[in-house]
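The values are calculated or read from the model by the stated rules, or taken from the named source; none is laboratory data. Fair warning: this is a prediction, and the values are worked out from it, not measured in the lab. Cβ placement follows ideal geometry from the backbone for every residue including glycine, while neighbour counts extend to all protein chains displayed. Heavy atoms of the whole protein, side chains included, go into the accessibility calculation; ligands, DNA and RNA do not. Shrake-Rupley method; radii C 1.70, N 1.55, O 1.52, S 1.80 Å.
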Amino acid sequence: MLSSFFRIAFRHLVKNKLYSILNVFGLTVGLICFVILSLYVKEQFDRDAYHSHSNEIYRVLVARDDTTGVEPKWEPYTQFPMAELFKEGIPEVKNIVRFGQDTELIIEAEQRKFKTQFVHFADPSLFDVFDFSVIAASKPLNQQSVSEIILVKSEAEKFFDSAETAINQTIKLNGYGDFKVIGVIADLGQETHMDFKFILPLAQSDKAYGDDRGYRNWNVMSAFPLYVQIDENAEIAIIEAKAKALLQSHLKNTSVRLEPVGDVYFSKLHPFFKKTGDRQFIRLYLLIGVLILFIACINYTNLSTARYLKRAKEVGIRKTVGGYRSQIIAQFFIESIALSSIAVILSMCFIEILLPLFNTFAGSSIKIDYQNPYTYLVVLSAILGIGVFAGLYPAVFLSRFSATQILSGSVTKGKAGLLFRNILVVVQFFICIGLFIATNVIFKQFNHLKGLDLGLDKDQVIMIPLNDEDIKKSYQAFKNELSSNPSVEWVTGAGPKMFGGQAQFYLEIEGSDDVTPISIFPVDADFFQKFDIGLIEGKLFQSELGKEANNFLIVNEALAKVGGWEITDKMGKNVFKADVGVPNLGGVVEDFVFFSVKDEVTPAAYLYKPNDNNLAYVKVKPENMKATIASIQASYEKFANLYPFEYSFLDQEFAAQYAQEQRLANIFTTFSGVAILIALLGLFGLTIFLAEQRLKEFSIRKVLGASQIQLIWLMNSGISRMLLISTALVIPLVYYFLDDWINTFAFRIVLDWSLFVLPVVLVMLFAWLTTLYQSIHSARINPVDSLRNE
C-alpha cells in the first residue's frame, strides 16, 4: 500500500512538471531564506550570552532627572570615580569594570611597526567578569600590572608570528613606553558587542585623558563605560535606588539605570565599541523568514487546489472501488512530504553555497553545525512540518466529498473552498504590500540621511590625522604649504574627529538648574568660515588677530537654548555658573551636525587652540584627485616623523555612521524582494486555478457575446478587489510600526501618503501583469473546445 502511494506521488509530480517546479522552487527558496535568517537572528540575539555570568553583568547608564515627565536622556559614559563608589557603597555589586581608549597609536615590536586605530584600557577585573578564550598567558590575566599588555591572537601573530612566542616579549607604544606581553586571547568575533585588540591597565590612561589626573575627580569628565557584576538574586530596582542615593553628594539629581549586557549591542546610545545592531530590524528578519516560508506553503496550497479539477475524478473512482478517506488523505500528504523532502535537500545544498556570500554581505559568521544531532532533528521536523502544513488543506478538501458528488460534477461546478482560497490570496497581498511599503520607507529614510543638510560643507573634504607630534608643532607651516597647493581650495583644523565620538563635560549653564553634558573642543581660527557655518551673534575667530584677541568662547544654538537667555545679554560674560577654565562668550553659531546624525545636535563650545588640532580638514578640487592626494602626502611627509600619511573623505566618514543600518536595510530589502517574488508565483498559480475553475463560464459568456476585453476584466477584477481589501488592512498596521521605527532617528522623513500609494500601485501592476497572460489565454479559447463535453 505504502509503495503504491509513493508510485502515484512520483507519477503525479512527473506528469505535472510546471506545478512540481513551481512548488519545489517556492518551498526551496522559502526554506533557504528562513534558515539563513533564523541563523542570523540567533547569532544577533546571542551576543554576550556565552559569558558564564552573563545574567549578572550590566552596563551602567546615567541621566539627569527630568521634572517635566520626559524620558531622561541616558548616557553610557560615567565619571572615573563612580566605579569605586558603587563597589564600596553597594553590597550587591560584586565587581566593576571600566573601559577607556586612546586612538591612532604607533606600536613597535621585533623591528615591526604598525599603526593601530584603538588601544583600550580596562580594570584587571575585566577577566573576572567576562569570559575570553585565553590562548597563551604567563600569569593570570586579572593580575595585570601597569607595565603589562594583553593582545588578541591576530595582533600577536602580526608582531611575533604566533601567540605562544609573543608571551614575555616587549611591545612599545609611542607616548606610553614599553610593555611586556603577559597574555594572548582569541580575537573577538560576533559573539560579543566588545571589540578590542590591545588591553592596557586603566592606570595607564593618564596620557589619553589628562596627565594632571583631573579626570579622576568628580564633575570633570564623563568618558568611561562602566560594567558591574551583581549578585544573582539582587533586585535591579534596589541597586539603582542605592546608586542614585550614593551619587547625590557628587552629582545631584542624577539617576542610574542598569542595562543587561545582552542589550548593549542593540542600544541606541553612542557606542563605545563600534559593534551595534537594530533590535527591530533583527526581529523583522525573523518575521520575514517566517513569512517567506508561509507564503511558499500558501503557494503550494493554492497550486494543489488549482489541480483538483483534474484529480477530482481520480478521487471519485478510488472511493467508488472502496478507497477510504484516510487512504486518500495519506496519498496527498505523501505527495506533499515528497515535495518538501526534495525542497529541504535542495535548500541545504544551496544554503552551503550561499552562506559565505551572506556572511560577507551581512558581516556575520553564521554556519550550520553538522556535528550537532539537533541539526538533523530540525531537518526531519522541517520535512514533516512543511509537508503536513502545506498539504493539510488540499488533503482534507479533496478527500471530504463523496464519490457521487465528485462523479456527478457538482464539486467542480460549485464554489467549494472559494472563501478559504480568497483568504489565502488576501493574506499574500497583505504580506506583499506590507513588505513593499516598509522597503520603500526604509529606502527613503536612508536617502534622506545621505542628502541631509548638516549645516556644513562636507563634499570633497579630506580628513588627515595629525597624530605626529612634529606635524602638530609645525601645524601652521603645514597648513600654509597645503594652502599654496593649486589643487587645494582651503585648509582648516579641529580637535575631535568629525562624525566620531567625543568626551563630554558635565557643567552648569547660566539660566539652567541642571548639569548639562557639553562637548568642548579646539578649532582652527577659520574653522567656521571654511565650513560655511553661519554666525548668529557676536564674532568668529580670526587668525591674524593672534591668540590674545581670539581668547573668547563660541557656542552653538543648542547650548544657548539650554540657558534660555538672550544671546546679546551674555556677550562678554561667562556662560557657566562657575569658572571652568574657559573664556567669556564671544559668539554663537548655527547648529551643525558634528558627531552623529542619529541624535539631536547637543550643546557644544569651541575654543581657539590651533596647536591642539588632531585633524586637518582639506577641501580639494575634484579634478585629478590621485595627483592631488600624492602632493598632499608629500607635504605631510616633510613635517611628520613617526606617523605615516593617512586620509579619509569626510562624506565617507559621514556614510560610515549609518553603514550598519544601511547593511541591515539592504538585507531587509533583499529578502523582502524574495518574499514578493514568491507571492507573485502564488498569484500565478491562483490565476491558473481561476482560469480552470471558470473556463466553461467564460465560454458561455463568449457564446452570449462577451468580448475578450470583458472576459479579461472579469478575471482580473476579483484580484483587484482582494488587493484593495489587503491594502485597507495592512496600511494602518504598517504605519504604526514604521512610525515607531522612524522616530528613532533625530533627522527623519515624514510618513506621507505617497510612501504608501506607490507600493500599492506597483503591487497592483505586478499582479495584473502576472495574471494577464493566463487571462488572455482563457479569453481566446474556442468555446466549442470547452463545451463539447456538456
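The table that follows gives values for the structure above.
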read-out	value
Heavy atoms of LYS252 accessible to a 1.4 Å probe, total area in Å² rounded to 10	140
Cubic angstrom per residue, convex hull over Cα atoms of the range 33-122	256
Viscosity 1.567 mPa s, temperature 4 °C, Stokes-Einstein D of the range 226-310 from Kirkwood C-alpha radius, µm²/s	73
Protection proxy ranking of 602-612, 25-35 - average other beta-carbon atoms within 10 Å, highest first	25-35, 602-612
Unsatisfied cross-links (Cα-Cα over 21 Å) in the set LYS275/LYS626; LYS458/LYS530; LYS115/LYS207; LYS274/LYS458	LYS275/LYS626; LYS274/LYS458
Ranked by how many other beta carbons lie within 10 Å on average, peptides 732-741, 380-389 from highest	380-389, 732-741
Spherically averaged projected area in nm², based on the convex hull that wraps the Cα atoms of the range 157-205	4.2
Shape call, the range 118-256: gyration tensor on alpha carbons, a/c limit 1.5	oblate
Residue (of THR492, HIS270, SER145) at the positive-pole extreme of the chain, dipole from beta-carbon charges	HIS270
Cα-based convex hull, the range 103-193, per residue volume (Å³, whole number)	99
Fraction of accessible area attributable to carbon and sulfur, the chain (%, probe 1.4 Å)	57
Relative packing of peptides 624-634, 292-302 - highest average C-beta neighbours within 10 Å first	292-302, 624-634
Per-residue [θ]222 nm for the chain (sum of -39500 (n - 2.57) over DSSP H runs n ≥ 4, rounded to 500)	-16500 deg cm²/dmol
With DNA, RNA and ligands ignored, accessible area of GLU489 (1.4 Å probe; Å², nearest 10)	100
In Hz, Karplus ³J(HN,Hα) per residue of the range 230-237 (6.51, -1.76, 1.60; θ = phi - 60°; x = Gly, Pro)	10, 4, 4, 9, 6, 8, 4, 4
Reference-scaled alpha-carbon Rg (2.2 N^0.38 Å with N residues) for the range 117-167	1.14
Amide H partners (placed H, <5 Å) of VAL256, local residues excluded	LYS244
Kirkwood-Stokes translational diffusion coefficient of the range 486-595, alpha-carbon pairs, 25 °C, 0.890 mPa s, µm²/s	165
Rule-of-thumb Rg ratio for the range 597-653 [Cα; 2.2 N^0.38 Å; N residues]	1.47
Solvent-accessible area per residue, Å², over the chain with all protein chains present [probe radius 1.4 Å]	45
Contour minus Cα-Cα distance for SER326 and LYS42 (0.36 nm per residue)	98.3 nm
Formal net charge of residues neighbouring LEU105 (Cβ-Cβ distance under 14 Å; K, R +1; D, E -1)	-3
Residue (of SER52, LEU286, ALA338) at the positive-pole extreme of the chain, dipole from beta-carbon charges	ALA338
FRET E, pair SER484, GLN542, Förster distance 22 Å, beta-carbon r, rounded to 0.05	0.60
Shape category assigned to the range 457-520 from the gyration tensor of Cα positions, a/c cut at 1.5	prolate
